[in-house]
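The structure appears right after this line, and notes come after that.
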Protein chains: 2
Amino acid sequence: MESTKHPRVVILGGGFAGLYAVRALDGVPLRVTLFDRRNHHLFQPLLYQVASAALNPSDIATPIRSILRQQRNVSVFLGEATSIDPVGRKVHFRRGSVEPYDYLIIATGATHSYFGHPEWSQWAPGLKTIEDALEIRRRVLLAYESAEREDDPAIRQEFLTFVVIGAGPTGVELAGAFAEIALHAMNRDFRRIDPSQAKIILVEGLPRVLPSYPEDLSDKARLQLEGMNVRIRTSSMVTSVDAGGVTLGEERISARTVVWAAGVQASSLARSLGAPLDKAGRVIVESDLSVPDHPEIFVAGDLASVSNEDGSKVPGVASAAIQEGKHAGRTIRRDLRGQARTPFRYRDKGSLATIGRAAAVADLGRFHLSGWIAWMAWLVIHIFFLIGFRNRVMVVTEWAWAYLTRRRGARLITGESDSELGIAPDPPPEMKPARAAEP
Amino acid sequence: MESTKHPRVVILGGGFAGLYAVRALDGVPLRVTLFDRRNHHLFQPLLYQVASAALNPSDIATPIRSILRQQRNVSVFLGEATSIDPVGRKVHFRRGSVEPYDYLIIATGATHSYFGHPEWSQWAPGLKTIEDALEIRRRVLLAYESAEREDDPAIRQEFLTFVVIGAGPTGVELAGAFAEIALHAMNRDFRRIDPSQAKIILVEGLPRVLPSYPEDLSDKARLQLEGMNVRIRTSSMVTSVDAGGVTLGEERISARTVVWAAGVQASSLARSLGAPLDKAGRVIVESDLSVPDHPEIFVAGDLASVSNEDGSKVPGVASAAIQEGKHAGRTIRRDLRGQARTPFRYRDKGSLATIGRAAAVADLGRFHLSGWIAWMAWLVIHIFFLIGFRNRVMVVTEWAWAYLTRRRGARLITGESDSELGIAPDPPPEMKPARAAEP
C-alpha cells in the first residue's frame, strides 16, 4: 500500500466531510494523508451539550487516528494548512509543506462570523471547538457563582441574565439547555440566589426562530422554548456587544454572559485557491464538487457552496458534509477506474433540533414532528451517528443520569484563573439571606 | 439556621479535609462558610488517570455545592484566601475579606516543590489539579503525534521517551499508566512509529520505589513495573531539567516529556498565621489539630504537620485528611456542648498503589498484597470512596471499557495551539515506511 507509485491524496480536515472522504477510499491503491489541526474528530451536533455541562469532551470526540486505525492506506497527521498552491499542487503548513498531491480534498469547515465586528468575540464566544464549549460552560457556571456572591440586586440580575444571539438550531439548543440549567440542574445548590430566576434571552434577526425550518415547526419551537421561560426576541438586530451586555437597536440588555450562535464564515484557506467564493467565503464548486479548472481539487462540507438542481443551496449540516465527503472520495475512485464522473446529488434526510428534556422539532419532509416524539427521534439518530461504540455507551449513560435526576454531570469550572474573566472571587460581606433582598 | 446569633465557622479548602469538616458540622447551629478557589472537589487519588487519558475530569470531580446541597447550614463560595489575620480573626481574599470568624479550619493542602528550582516547572509539570492533568495528557499525546511526523530517528526517540521524576505512589501510578499507553492503548493507530518502542523512565532519589512502603512491596512494585518495560533509576538525584530532557548527575536523558511527581510543599497561606512550620511549610499543630495559642483555628489535611503518639508523622494521604477534617469539625461541636477536647489519633487504614492492569501493591498492616488481588482491593476501595453515585457509575463504565479493550477513552488533545509547546505541526516530507529508518 505504501508504494510510492500509488497516487497521493491529501485531505485537509477530519470533520464529517474529511472523514467520510477517507473512508470512501478504503482499499483503493492510494497513499492517503489526512491533516487536521486537532487530533480528534468532533461530533459537532452535540457540542452544545458540552457547553451546557451535560457531556464531557471525550463523549463527543474521538482521536482521528483511532477511527481510521483499520484503514491501512491512510496516515494521519496534526497540522494546520495555511495556503494552497493549485499550480504546484502543494499544500503549505505553518512550517513546511508536503510533496505534491495528485488529488486534494479540502474540508476545513467554517468558523464564526461576527458580521464585521470581530471585537465582539471576546464578550460573546461562539461554539465550534471543544475549547469554545468549555469556555462557554465556564462562563455560565461562573455567572451563577458570581451571582451567589453579589449583594447588589441589579448586578446579581446581570449575572443571572444569559443572552444567546442567533436562533438557528445551535442557538435554540443552547437557549434550551441554559433554561434547563436554570430551572432544574442547580436547584437547592445555592443559598442566596434562586437559579430559576435566571433570564434566558434568545435573539434572532429574522422574524422567527429556526428560520430554515418550516413555519409550523418554528411556532412549535417557540412555544416549547417559552414553556421553559426562554424570552424570545425575533426581528432584532444586534448593534453592539460589550462587557456589560447587548444592544438591540433602541433596547439595552444588561447581561454578563453572551453566546454567539449567529454567523458562519468559511475557513480562510479557501481564499488561496483563487476559485470563486460566495459572500460567506465558501468555494462555489462544480457539480462534481471539484474546483473550477482544477478537477484534482475537491471541496466538501461547510467550506463548499453546492447548488441543488433547482438552484437552491445545500445546507451546512452534518448529513450534507457526509454525503459530499463520500462523493469526493468516490469520484477519485471512479477516476482511477477510468469511469466518468457523476454530479453530486444532495439527499435531504430532514432536520432535527432539540430544545430540552422531551422537547424538540423534526422536519422529515412530509412529516413534521414536535415534542416528545421528535425528541425520541433526535435521541436515536444522534446516538446512532456518534462515532465509536464507547462514546455511545458513555453518552447514553450520561443522558440516562441527566434524564432521571435532571442534574448535569460535567459542571466543572476549569481553565485560567477566574480573575482573568474580570470576576472578582470576593466573598460576600455578610451572610444575610438573599431572597429578602431581591427586587 | 441563618440567624446571626450562631457562631460563624469559616473553612478554607474543599478537598477531603475541608469537606469532611463541613460534614461533621451538619445539623449544628452554626453559620458555616466554605471557600475554595475551584468550584469542584477533586478525587485526587485518581488524578493520574485523567493525566493518562483513562478518565474524564468530571469522572473524578464534583461541584462542591452539589455535594453539600442538603446541608442547610453551609454556604459555598469561590474564593482564594491570600492571608489570615489571627488577631482580628479575619481571612483576606484577593479582593476583600470576610467578617470575623469564630472558628477557622484551614485545609488548603499542598502544591509541588521543585527543590529550589521553580524554573523546572515549565519542563516538568506536576500533578495537583485538573488543569495539570490535562496539560500532562496533552504533552504525552502530542509527543506521539510529533514522533509520527519526525524523520530523524534520534529526535523521534526523544519524543518517545517519557520521564517521571519521583517514585512515590503518584510517580509509580503515572509510570505504569504511561507504559500501558505505550504497550496497548495506541497499537495500530500509527503508521510510521511503533508506540511500544516508547521508553518510560522512572527516577527516584531514594534507593527504592515507593519508599514509604514496606521493602517487600517496593520489590514487588519494581518487578511489576519492569514487567511493563518501565526503566527504573533509583538513588538518582535530578540535577537539571530543561527543554531537551533531564540530567541525573553524570547521566543525561534526552526526553521531550517529563513529569514531576517528587516534592510537595504546603500551601503558602500557612505563613501568614505566624505559627511554627516544618521544613515543607506545614503547620505544626497541637494534638487537637489547633494552631498553638489559637484554639479557634484548626489546620487539617496536607497543610498540617501532625505527630502520632510515637513521634512519627501522619502521612499526607487522603485517609488522614478525612480523619483530620472530621476531628476538627467534631472538636467545634464538643466546644459548643461544653465538652473537653480530645486529641487526634490517626488510624492507619493501609496504603495502596496501582501499577497497571491487574498490577498493584497494598500495605494493609499485617497483610502485604500484590498483583491481581491488590489491584482488586484498590479498585473496590477507590470506587467506594468516589464522591457521588454518578461518578462511580461513569468510572466503572470507563474502566470496564478500558479493561476489555485496553484502549483509553479520553485521548483528546485540547488547550492552546500546539505551536506554543515548541512542537511544529509540520507534515512529514515524504511518506516512506518508518520502521526501516529506525536506528
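Per-residue packing, averaged as other Cβ atoms within 10 Å, sorts the ranges A:68-79, B:147-158, B:50-61 into the order B:50-61, A:68-79, B:147-158, beginning with the highest. Rounded to the nearest Hz, the phi-derived 3J(HN,Hα) couplings of the stretch B:150-155 under the Karplus curve 6.51 cos²θ - 1.76 cosθ + 1.60 (θ = phi - 60°) are 8, 8, 6, x, 5, 5, where x marks glycine and proline. For the residues A:263, A:15, A:325, a GNM of chain A with alpha-carbon springs under 10 Å puts the largest fluctuation on A:263.
Normalised radius of gyration (Cα atoms, divided by 2.2 N^0.38 Å) for the stretch A:124-170: 1.31. Sequence-ordered 3J(HN,Hα) estimates for the stretch B:253-259 from the Karplus curve with 6.51, -1.76 and 1.60 and θ = phi - 60° stand at 10, 7, 7, 8, 10, 10, 10 Hz, glycine and proline given as x.
The alpha-carbon positions of the stretch B:269-340 define a convex hull whose volume is 95 Å³ per residue. The contact between chain A and chain B removes approximately 6700 Å² from the accessible area (both sides summed; 1.4 Å probe; ligands, DNA and RNA excluded). Shortest first, residue A:250 label-point distances to identical copies amount to 8.6 nm, with the label point at 7 Å from Cα along Cα→Cβ. Normalising by residue count, the stretch A:152-311 has a Cα convex hull of 152 Å³ per residue.
Counting every C-alpha pair in the stretch B:337-410, the share spaced more than 18 angstrom apart comes to 55%. The accessible surface of chain B, taken with every protein chain in place and a 1.4 Å probe, is 53 percent carbon and sulfur. For residue B:239 and residue A:219, a Förster radius of 56 Å and the Cβ-Cβ distance give a FRET efficiency of 0.20, rounded to the nearest 0.05. Out of every Cα-Cα pair that the protein assembly as shown contains, those further apart than 41 angstrom amount to 40 percent.
The residues of the stretch B:192-265 have, on average, 44 Å² of accessible surface per residue, using a 1.4 Å probe with all protein chains present.
Distances between copies at residue A:223, taken between label points 7 Å from Cα along the C-beta direction, are 7.2 nm in increasing order. Taking amide hydrogens as placed 1.01 Å from N in the peptide plane, the amide H of residue A:313 sits under 5 Å from those of A:308, each at least 5 positions away in sequence or on another chain.
Beta bridges per DSSP, both residues in the protein assembly as shown: antiparallel share near 50 percent. Two numbers describe the Cα atoms of the stretch B:129-235: Rg and Dmax, which are 14.5, 45 Å. Peptide A:121-131 is shielded by partner chain Cβ atoms: per residue, an average of 1 of them sit within 10 Å of its Cβ.
Computed on chain B, the Cα convex hull volume stands at 147 Å³ per residue.
Each DSSP beta bridge with both residues in chain A is either parallel or antiparallel, and the antiparallel ones are about 50%.
Over the protein assembly as shown, dividing the summed -39,500 (n - 2.57) contributions of all DSSP H runs of at least 4 residues by the number of residues returns a 222 nm mean residue ellipticity of -8500 deg cm²/dmol. In order along the stretch B:62-70, the phi-based Karplus estimate (6.51 cos²θ - 1.76 cosθ + 1.60, θ = phi - 60°) of 3J(HN,Hα) comes to 9, x, 4, 5, 6, 4, 9, 4, 7 Hz; Gly and Pro are listed as x. Inter-chain Cβ neighbour count for B:60-72, averaged per residue, equals 4 (cutoff 10 Å, partner chain atoms only).
Across chain B, Cα pairs under 8 Å and at least six residues apart give a relative contact order of 20 percent. The Rg/Rh ratio of the stretch A:138-201, with Rg taken over Cα atoms and Rh as the Kirkwood radius over Cα pairs, comes to 0.98. Residue of chain A with the smallest Cβ distance to the axis mapping A onto B, distance rounded to whole Å: A:56, 2.
Using R0 = 41 Å, the C-beta based FRET efficiency linking residue B:381 and residue B:194 works out to 0.70. With label points set 7 Å from Cα along Cα→Cβ, the inter-copy distances at residue A:83 are 5.5 nm, sorted shortest first. Considered as an equivalent ellipsoid built on the Cα gyration tensor, the stretch B:189-264 has semi-axes of 23, 19, 10 Å, the largest given first. For the peptide A:38-44, the mean number of other protein chain Cβ atoms found within 10 angstrom of a residue's Cβ is 3.
Solvent-accessible surface, computed for protein heavy atoms with a probe of 1.4 Å, shrinks by 40 Å² or more for the following residues of the stretch A:170-199 when the other protein chains are added to the isolated chain: A:188, A:189, A:191.
Applying a threshold of 26 Å to the alpha-carbon distances of B:326/B:349; B:128/B:326; A:90/A:326; A:199/A:313; A:5/B:199; B:199/B:220 flags A:199/A:313; A:5/B:199 as lying beyond it. Take residue B:120: with every protein chain present and a 1.4 Å probe, its accessible area is about 10 Å². For the stretch B:36-185, the direction-averaged projected area of the alpha-carbon convex hull comes to 12.5 nm². Charge tally around residue A:252: other residues with Cβ under 13 Å, Lys/Arg +1 each, Asp/Glu -1 each, net -3. For the pair the stretch A:206-262 / the stretch B:41-93, the C-alpha centres are spaced 36 Å from each other.
The values are calculated or read from the model by the stated rules, or taken from the named source; none is laboratory data. Predicted model, so just to flag it, every value in this text is computed and none were measured. As a convention, Cβ positions derive from the backbone with ideal geometry for all residues, glycine included, and neighbour counts pool all protein chains shown. For accessibility, only protein heavy atoms count, side chains too; no ligands or nucleic acids. Shrake-Rupley method; radii C 1.70, N 1.55, O 1.52, S 1.80 Å.
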